[in-house]
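Quick notes on the structure that follows.
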Amino acid sequence: MASTLALIDCNNFYAACEQAFDPLLQGRPVVVLSNNDGCIVARSREARQLGIGMGTPYFKVAQQLQGLGVVVRSSNYALYGDMSARVMACLGARVPELEVYSVDEAFARTPALEAGALLAWGAELRVLVKQQLGLSIAVGMAPSKVLAKLANRLAKVDPARAGVFRFPTAAALEPWLEAVPVEEIWGVGQRLARWCRLRGLTTAWALSQANPALVKRQWGVVGLRLQQELRGISCLPLVQGPTPKRETCVSRSFSKPIEDLRQLREAVATYVVRAAEKLRRQRQLTACLTVFIRTSPFQSGFYGNSATVKLPLATNDTTVLLQAALPLVAQLFRRGYRFHKAGVLLQELQPLGQLQQHLFVSLSPQQQQRREALMQLVDQLNGRFGAGTLQWAVTGLQPPWFMRRGHLSPSYTTRLKELPLVQAR
Amino acid sequence: MVVGGFPSPADDYIEAGLDLNSLLIPHPISTFLWRVSGEAMQGAGIFDGDLLLVDRSLQPRPGRVVVAVFEGAFTLKRLERFRGGLRLQAAHPAYPPIDLTSATELQIWGVATHVIHPL
């Protein structure tokens, strides 16, 4: 029996997490906003039904949402992260292989079952996640990843399928793929879509049947693999465990524009601290640091610039990275501009080695060990008592530019002081 | 590191230390910590301000203390059989039971398994 792949994802994940811990939100329209309460990034089913668009800037619709009785929430990353880990652990215990693809979706190899039994298995999985975590999932099954992604969407569009759909064998794919516009295939970008359209390959079926030599000449192996996947021949393997990241970026828009150097330094320092934490969590070092700043692209007199420094030796030490980054901020800063966004990009990442001799940094091995122990301690304390328990003074205290999250729900599952309350009355 | 000398005769009897997490939380994926507010479950040993472990993977059978959604709030009660149906029973004389007639839609969020109460 050919093995089957599944794409399993959570419906309206962010909004559903909010609804799971607040009974007043159940059955009501809920939207979740992006960083700085910028745009709508998630909508509950009820909010979708009201016709609220994805990606709509919040300020444009704030009044309208209030009139419609829509509940608005800021992104609660602590809550979503914890719930995501629980969902993945729950799925991981029930499939032979799982590839966590994003915060709310995963590819999986299904158990070796016959067609009918597979649908029943998917339905059971749905019931299980609903009961254990209060979240709805959809399960799309197919012989390949690209088809599993399409099957997942088909599982959702027709209520009769109850969130579970499986593509038939490769022989019966035509009517299904004929109905899928080429743009909606996973992995088809704008350029490939345009190329297909120009040649009359408007549907997934047409692309799957196109001349392979033509596809290969223009799109290489990547194009051929996509074609094979659409024919139900699996070419993209499941990737288990996190792939080592090649680069790490921390960047945010400010809640208020920044005009002076001191505040800009604080902002960049904060991002450096975050990026260094990420690096240590990934057990990696960086040898190349970039700082970038820019004004709003929607206002006249745009200024944006970046500067990069190569580090003499790869490191994940916050102090070393701050010493490298802060001079760059002063170099990039221009008086008279209102800065809107800044970021830190760490590149040339490498795995944490056994021996790190700092040839050009005047630290003895003992001093070096103590620095590493210090970083560990900082990470532990911030992990246990909340981000920012221990911080570098250069990041500023309660800065005015910090992320705006005016509609934040409690960190129900990660902070002792914010646990959900049950009434015994 | 090299350890010399005689092996300890106790080596064969070393056991893993006791772990409260595994003792109290057999299902970590579906177990959540809650905070109790109010006196209505005092008779069951659950007091105002206590921490409560709630497991969503357990079946809410009669006799169990449950977190239920009732009239737009989370409420803590014991699920009981009553005249062929079910009701939510407090553990305090001042709080009357809530009868769950067929008209009332009851949603059980999870089953309470342990209470953590400071002495």
Next item on the list: Scan (1) touching a Pro at 6+ places or on another chain (Cβ under 8 Å); (2) away from chain A (no Cβ under 13 Å); (3) not basic (Lys, Arg) for the single condition B:Leu23 breaks and write down its number.
Entry: (1)
Margin query: Return the residues of region A:305-327 that are within 15 Å of A:Leu261 (Cα to Cα) and crowded, with 16+ Cβ neighbours inside 10 Å; say none if nothing qualifies.
Written below: A:Ala325, A:Leu326
Item checked: Residue count for region A:29-41, restricted to those that are in contact with a helix residue (DSSP H, G or I) (Cβ under 6 Å, 6 or more places away or on another chain) and of a type outside the set (Val, Ile, Thr) -> 3
Next item on the list: Could you list all residues from region A:1-41 that are of a type in the set (Gly, Ala, Ser) and either part of a loop (DSSP other than H, G, I, E, B) or more than 18 Å from A:Lys130 (Cβ to Cβ) (or both)?
Entry: A:Ala2, A:Ser3, A:Gly27, A:Ser34, A:Gly38
Check: Among the residues of region B:71-90, how many are of a type in the set (Gly, Ala, Ser) and closer than 22 Å to A:Pro23 by Cα?
Finding: 3
Next item on the list: Consider only pairs whose beta carbons are under 7 Å apart and that are at least six residues apart or on different chains; among these, list those whose first residue lies in region A:315-329 and is farther than 14 Å from A:Gln347 by Cα and whose second residue is among the small types (Gly, Ala, Ser) and assigned to a helix (DSSP H, G or I).
Entry: A:Thr318/A:Ala276; A:Leu322/A:Ala269; A:Leu326/A:Ala269
Note to self: Under 9 Å between Cβ atoms, which residue pairs at least 6 apart in sequence (or on different chains) link something in region A:118-129 that is over 18 Å from A:Leu5 (Cβ atoms) with a partner that is hydrophobic (A, V, I, L, M, F, W, C)?
What the structure shows: A:Leu128/A:Cys90; A:Val129/A:Ile8; A:Val129/A:Cys10; A:Val129/A:Val87; A:Val129/A:Cys90; A:Val129/A:Leu91; A:Val129/A:Leu135; A:Val129/A:Ile137
Notebook entry, point to check: Going by the conditions given, is A:Leu98 in contact (Cβ under 8 Å) with a residue 40 or more places away in the chain, buried (at least 20 other Cβ atoms within 10 Å of the Cβ) and part of a strand (DSSP E or B)?
Noted result: yes
Next item on the list: Quickly run through region A:15-29 and pick out the residues that are more than 12 Å from A:Val70 (Cβ to Cβ) and more than 20 Å from the chain's Cα centre (by Cα).
Entry: A:Gln19, A:Ala20, A:Phe21, A:Asp22, A:Pro23, A:Leu24, A:Gln26, A:Gly27
Check: Taking region B:26-51 only, how many residues are in contact with a strand residue (DSSP E or B) (Cβ under 9 Å, 6 or more places away or on another chain) and within 7 Å of another protein chain (Cβ to nearest Cβ)?
Finding: 11
Checklist line | Near pairs, Cβ below 9 angstrom, 6+ apart or cross-chain, from region A:73-86 (more than 15 Å from A:Glu418 (Cα to Cα)) to any residue that is modelled with pLDDT under 90 and in a helix (DSSP H, G or I) | finding: A:Ser74/A:Asn35; A:Ser74/A:Asn36; A:Ser74/A:Asp37; A:Ser75/A:Asn35; A:Ser75/A:Asp37
Check: From the set of residues in region B:55-76 that are at the interface with chain A (Cβ under 8 Å from one of its Cβ atoms) and assigned to a strand (DSSP E or B), which is surrounded by the most Cβ atoms within 10 Å (Cβ to Cβ)?
Finding: B:Leu76
Check: Considering only region A:151-184, how many residues are of a type in the set (Val, Ile, Thr), surrounded by fewer than 18 Cβ atoms within 10 Å (Cβ to Cβ) and part of a helix (DSSP H, G or I)?
Finding: 1
Next item on the list: Kindly check whether there is at least one residue in region A:230-245 that is among the polar types (S, T, N, Q), over 30 Å from A:Gly92 (Cβ atoms) and over 21 Å from the mean Cα position of the chain (by Cα).
Entry: no
Notebook entry, point to check: Taking region A:63-76 as the region of interest, how many residues are assigned to a helix (DSSP H, G or I) and either within 14 Å of another protein chain (Cβ to nearest Cβ) or surrounded by 15 or more Cβ atoms within 10 Å (Cβ to Cβ) (or both)?
Noted result: 1
Notebook entry, point to check: Out of region A:230-256, which residues are at pLDDT 90 or above and either assigned to a helix (DSSP H, G or I) or under 29 Å from A:Thr295 (Cα atoms) (or both)?
Noted result: A:Leu230
Check: Quick check, is B:Arg83 basic (Lys, Arg), over 12 Å from the mean Cα position of the chain (by Cα) and either facing chain A (nearest Cβ under 9 Å) or loosely packed, with under 15 Cβ neighbours inside 10 Å (or both)?
Finding: yes
Next item on the list: Please enumerate the residues belonging to region A:120-134 that are β-branched (Val, Ile, Thr) and surrounded by fewer than 21 Cβ atoms within 10 Å (Cβ to Cβ).
Entry: A:Val127
Notebook entry, point to check: With respect to the numbered conditions (1) of a type in the set (A, V, I, L, M); (2) within 11 Å of chain A (Cβ to nearest Cβ); (3) surrounded by 14 or more Cβ atoms within 10 Å (Cβ to Cβ), which one is the sole condition not fulfilled by B:Ala94?
Noted result: (3)
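The values are calculated or read from the model by the stated rules, or taken from the named source; none is laboratory data. Quick caveat, the model's predicted, so the values are computed rather than measured. Positions of Cβ are generated from backbone atoms using ideal geometry, with glycine treated the same way; all protein chains shown enter the neighbour counts.
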